[in-house]
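The values are calculated or read from the model by the stated rules, or taken from the named source; none is laboratory data. None of these values were measured; they are calculated from a predicted model. Neighbour counts are summed over all protein chains in view; Cβ atoms, including those assigned to glycine, are modelled from backbone coordinates with ideal geometry.
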Amino acid sequence: MASKSSRTISRRSLLKNGAAAAVGGGAAAYLAGGAAAAQQGGAPAVATGTQAGRRVRAYIKYRNELPTVEQITMRAITERDVVIRVEACQACYSSVTTALVPGFFTGLGTGRVAPAPMSASVEGHGCVGIVEAIGPQVQKVQVGDRVITCQHAQCGVCYACLRMRGDRCMNNRRGPFADFNGMPVTGSLGGGGFTEITVVPEEYTVPVFTDIPPAQLANISCVGSCGFGAATTMAPVEMATDVVVLGAGIVGMHAIQGARIRGASQIIAVEPIRYRRELALKLGATAVVDPNVEGDNLVKKLQEMCTSKVAKTDRRFAGGGYVGPDYVIEAVGGDRVKPKTEVGPDPTGVLPLQQGWDLCSIIGTYVTTSIGQPWNANVQFPAANWADGAKHHIPGSQGGFGSRKEIPRLVRLIETGQFNMQALAPKTFSLAQSKDAFQLAGDRTAMVAAVLPNG
Ligand SMILES: [Zn+2]
Ligand SMILES: [Zn+2]
């Protein structure tokens, strides 16, 4: 490969001259490592390009109607691609509109309608599966490895990754890996997972050396990393604190358990659905509150529950005072479709966003994770408080979750019984039942649903 300009370093010339190590172990050495291993006889068994023409079944969206299960034809893989036989993929609530409401092309709450069916997208936000093949430059996974594919890549060398924000990695390069009826087929976030086979660059993969059931591992990508990260990475919750978790869906349940593991003393789950409140109590919540019962009194009620727990006094100069929770983690979001369970006070999800800010202590940390609120809706902060106050706000659905570090950590917590994923095991469906999985997610009659594309 010739250099495109005088400033571009050819990987091949580096290897030829034995200069890969001489560049200081930086990006060039990292990227060239797989090829160097190949030259030394450590080449992976599977070569680039062997997947071309392979036909697999996938649940794809390719027009302004509902997704369907179709046969797609795979393209040749590139040097850094990983071919994965999908074991399980959870039906993310944020894709419910895409799956159930004709006209929605994206699941991210935008309501945007695609102008024309130019491409097809495999549903799903990352998955768990077994590596079937790898390109010759892939380093960190091998054929036969179980991997979790993440919503975001984590390359380890970009501006965001070097600043410990792997959740905002800028190397999210991911092209089509298949074709259908002349249209390129790309995976949704994390390569999608509603497919027998998916293909992602290795930056999206994290090997997990565990025999935890795949359906449970499917929770980790997207929703699990979002909720667990909210409590353990960007906040992170300190021991002996008061934590309020708004919303005890699958994201909130991960936040509740994260807060428990971090040593919070009081964890209050706010959730309108009765079975979810009951499960929250089993997973670490010390109290639950029904927002429909509290109504307009919710903020005051939660603040009172977190007032002077340690000092047991209202005297400010003795360490007391009207305080409120040290942490608020919001995991509500907007309703995509009408649930078949109890409905919260505000289907748009905007009211809980506002309440979270209002109830957090004056020096507390407020983590927001949800998506799906109307674009034209606003929350309000007092200008002086926002500009010169001491309340922290951490936005973003992945909460600083660096997948390559955090996923093995979460797996270990599950294996040691510190994190209860069994209680959050999804109800499972076949690939042909993909729509039913999203229907269940939309109905909210179960905590989470997952599809097992290979049976
Ligand atoms: Zn998702
Ligand atoms: Zn990166």
Query raised in the report: Can you name the residue in the range 379-394 that is without any contact (Cβ under 8 Å) to a residue 24 or more places away in the chain and of a type outside the set (Phe, Trp, Tyr) and is also surrounded by the most Cβ atoms within 10 Å (Cβ to Cβ) among such residues?
Result: Asn385
Report task. Determine if the range 252-270 includes at least one residue that is of a type in the set (D, E, K, R), out of contact with any Asp or Glu (no Cβ under 9 Å at 6 or more places or on another chain) and assigned by TED's automatic domain parsing to the domain that holds Asp326. Result -> yes
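For Met447, indicate whether it is of a type outside the set (Val, Ile, Thr), under 17 Å from the mean Cα position of the chain (by Cα) and in the same structural domain as Ala153 (by TED's automatic domain parsing). Don't jump to the end; show me each part of the working.
Values: of a type outside the set (Val, Ile, Thr): yes; under 17 Å from the mean Cα position of the chain (by Cα): yes; in the same structural domain as Ala153 (by TED's automatic domain parsing): yes.
Here the answer is yes, as Met447 does meet what is asked.
Filter the range 157-207 for residues that are of a type in the set (Gly, Ala, Ser) and farther than 19 Å from Ile220 by Cβ; which is farthest from ligand 2 (Cβ to nearest atom)?
Within the range 157-207, the subset of a type in the set (Gly, Ala, Ser) is 160, 166, 175, 178, 182, 187-188, 190-193.
Imposing the further condition that a residue be farther than 19 Å from Ile220 by Cβ reduces the set to 160, 175, 178, 182.
Working: Ala160: 6, Gly175: 17, Ala178: 25, Gly182: 33 Å.
Per the criteria, the residue is Gly182.
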Requested in this report: Just give me the residues in the range 308-339 being surrounded by 18 or more Cβ atoms within 10 Å (Cβ to Cβ) and over 30 Å from Val101 (Cα atoms), in sequence order.
Outcome: Val323, Gly324, Pro325, Asp326, Tyr327, Val328
Requested in this report: Give the range 246-293 a look and list any residue that's of a type in the set (Gly, Ala, Ser), in contact with a strand residue (DSSP E or B) (Cβ under 8 Å, 6 or more places away or on another chain) and more than 23 Å from Leu440 (Cβ to Cβ), or say none.
Outcome: Ala259, Ala264, Ser265, Gly284, Ala285, Ala287
Query raised in the report: What residue, among those in the range 411-435 that are of a type outside the set (Ser, Thr, Tyr) and without any contact (Cβ under 8 Å) to a residue 12 or more places away in the chain, is farthest from Leu283 (Cα to Cα)?
Result: Arg412
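Within the range 131-148, is even one residue within 16 Å of ligand 1 (Cβ to nearest atom) and out of contact with any Lys or Arg (no Cβ under 7 Å at 6 or more places or on another chain)?
Residues of the range 131-148 within 16 Å of ligand 1 (Cβ to nearest atom): 148.
Applying the additional criterion that residues be out of contact with any Lys or Arg (no Cβ under 7 Å at 6 or more places or on another chain) yields 148.
Within the range 131-148, one or more residues are within 16 Å of ligand 1 (Cβ to nearest atom) and out of contact with any Lys or Arg (no Cβ under 7 Å at 6 or more places or on another chain).
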